[in-house]
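No lab work stands behind these numbers, since they all come straight from the coordinates. Fair warning: this is a prediction, and the values are worked out from it, not measured in the lab. Reconstructed Cβ throughout: ideal geometry from the backbone, glycine too, with neighbour counts over all protein chains shown.
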Amino acid sequence: MLPRTLGFFRPAKDLTLSPVLTFTHPITKNKIRVASEICAEYSASVLKLNYSDFPPYLHIVNGNQTGVYTHHQCGKYMIIIDSMIKPCIILLENEDFSSMQFIAYQNNLLAVNLELEGPLRAIYPFERRIINKFNEYIEKLSDFPIYVKQLTTLRDDFVATMAPHPP
């Protein structure tokens, strides 16, 4: 778990700044819209309420114990960068893994060796919710090591049995 001081948990001070950036693909020259918001904005569905007419391709959420709310997702793909759980790509319920056109990698900027890790695993929202529940109960029962061990084993077994979802 990252200390809260190392995260991005504050909204922008300047209200004229847009959370959406537009990039040009170097080969196809297509425009790619990427949006970012913090967990509090995501919980209030700020991005979706303001940009649903022309949603971004990628929706990034920076958070601390951020839940997965598909009705707040704005964009084809979403990555939750959370202080508690390893980043992953969250897909919509009806998304087919074989048709994914997006691959993301992770980099630990605090490490001496700046190699990319990945690609990030792509999961469905319900899988993330199950993992979140396991983590919630593991934390609540931290005073009972036997239960923590059992729940950790169950969580790890669940993750191991999930189908390998390629990007």
**Asked** Nearest 0.05, what FRET efficiency do THR22 and ARG129 give at R0 = 41 Å with Cβ-Cβ as r?
**Response** 0.85
**Item:** Cα-projected label distance for GLN101 with GLU139, points at 7 Å along beta-carbon direction, nm
**Value:** 3.7
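Pairs to check: LYS29/LYS76; LYS86/LYS149; LYS48/LYS86; LYS76/LYS140; LYS48/LYS133; LYS48/LYS140. Give those whose C-alpha atoms are more than 28 Å from each other in this structure. List each step's numbers first, then the result.
Details: LYS29/LYS76 19 Å; LYS86/LYS149 20 Å; LYS48/LYS86 24 Å; LYS76/LYS140 34 Å; LYS48/LYS133 25 Å; LYS48/LYS140 32 Å.
The pairs that break the limit, which is 28 Å between Cα atoms, are LYS76/LYS140; LYS48/LYS140.
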**Request:** Determine which residues of the range 102-140 fall in the zone a paramagnetic label at VAL148 would reach in this model, i.e. backbone nitrogen under 14 Å from the point 7 Å along Cα→Cβ.
**Result:** 135-140
**Request:** Can you tell me the order of 105-113, 40-48 when each peptide is scored by its average per-residue count of other Cβ atoms within 10 angstrom, highest first?
**Result:** 40-48, 105-113
